[in-house]
Amino acid sequence: MKRKVLTAAGICIGILIFTEGTRYFVQNQKCQKQLFAMDTYMEFTAYGKNSERAVDAAIEEVQKLDAMLSAENSKSEVYALNEQGNLQATDDLAELILRGKEIYQETDGLFDDTIYPVMKLWGFPTGNYHVPTAAEVQKKLALVDGNKVEIQTRDSDEKGRDSKEKAKFVTLGADQQIDFGGIAKGYTGQKLAELFQEYGVSSALVSLGGNIQAIGTKPDGSSWKVGIRDPKGGQQDYIGVLSVENQP
């Protein structure tokens, strides 16, 4: 009888160890992948049961946003808006337009996503750099004014959609063009944080070039460590390290 009790106890302990071991393995199951998008190298690290599915979905989301927001891609939504001056916007573009206008107001115009004509004048988007004259700069600066960007909600004009369905329409000022380089990665990071949560991932770190998005903590409960590189030093020179949790 005693032997049977000991055997049963041994089986229970074995099952408990196996169960806890399996749980630990699942919680610490790591997926890490890299991607070049938005003109920078990105890295996605996630832990947990759905980590690989979440990372693959995150990469797909980044590629979608990159294709939509690139001012240089002739097939992008932003390119079409810059060429036409007005557009029925997708939800992502409309949200970025609204956020850009908010930051414009919050910074008293110091941030202005209608700066794109000036950027093109200097050759920054293409890498064909050019030092313009003061007169050329002033001419392009006259186009930079976030107050002239308008967004309205009215009936959709897309074929196949309910005529009563509301849509957002964006209109730029005369000869204006926009570029979301100043906020696109931050917006993308927030979208990815929401996406990871949808997949049940509570431990992940996303590096979008210089933009870091922390989801939860490390699997062991400790904070993520993010190094701040010394702008005057080399690749491995840091001026500090931040401990972050659930932060962009």
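Kindly evaluate residue 129 against the criterion of being on the phi < 0 side of the Ramachandran plot and surrounded by 15 or more Cβ atoms within 10 Å (Cβ to Cβ).
Details: on the phi < 0 side of the Ramachandran plot: yes; surrounded by 15 or more Cβ atoms within 10 Å (Cβ to Cβ): no.
No.
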- Filter result for residue 102 (assigned to a helix (DSSP H, G or I) and surrounded by fewer than 18 Cβ atoms within 10 Å (Cβ to Cβ)): yes
- Query: Among (1) assigned to a strand (DSSP E or B); (2) modelled with pLDDT under 90; (3) of a type outside the set (Asp, Glu), which single condition is residue 26 missing?
  - Reply: (1)
- Item | In the stretch 62-88, residue modelled with the lowest pLDDT [restricted to those that are among the hydroxyl-bearing types (Ser, Thr, Tyr) and surrounded by 14 or more Cβ atoms within 10 Å (Cβ to Cβ)] | 70
- Hey, can you tell me all the residues within the stretch 209-218 that are outside any strand (DSSP E or B) and farther than 17 Å from residue 235 by Cα? 217, 218
- Query: Within the stretch 192-208, can you find the residues that are assigned to a strand (DSSP E or B), polar (S, T, N, Q) and over 11 Å from the mean Cα position of the chain (by Cα)?
  - Reply: 203
- Could you list, in sequence order, all residues of the stretch 31-56 that are modelled with pLDDT of 95 or more and among the basic types (Lys, Arg)? 33, 53
- Item | Residue selected from the stretch 82-104 under the condition over 24 Å from residue 192 (Cβ atoms) and touching a residue at least 40 places away in the same chain (Cβ under 8 Å), by the criterion nearest to the chain's Cα centre (by Cα) | 104
- Being outside any strand (DSSP E or B), in contact with a Lys or Arg (Cβ under 7 Å, 6 or more places away or on another chain) and surrounded by 13 or more Cβ atoms within 10 Å (Cβ to Cβ) narrows it down to one of 173, 189, so name that one. 173
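The values are calculated or read from the model by the stated rules, or taken from the named source; none is laboratory data. Note that this is a predicted model, so its numbers are computed, not measured. Here the Cβ is made from the backbone with ideal geometry for all residues, glycine too, and neighbour counts use every protein chain on show.
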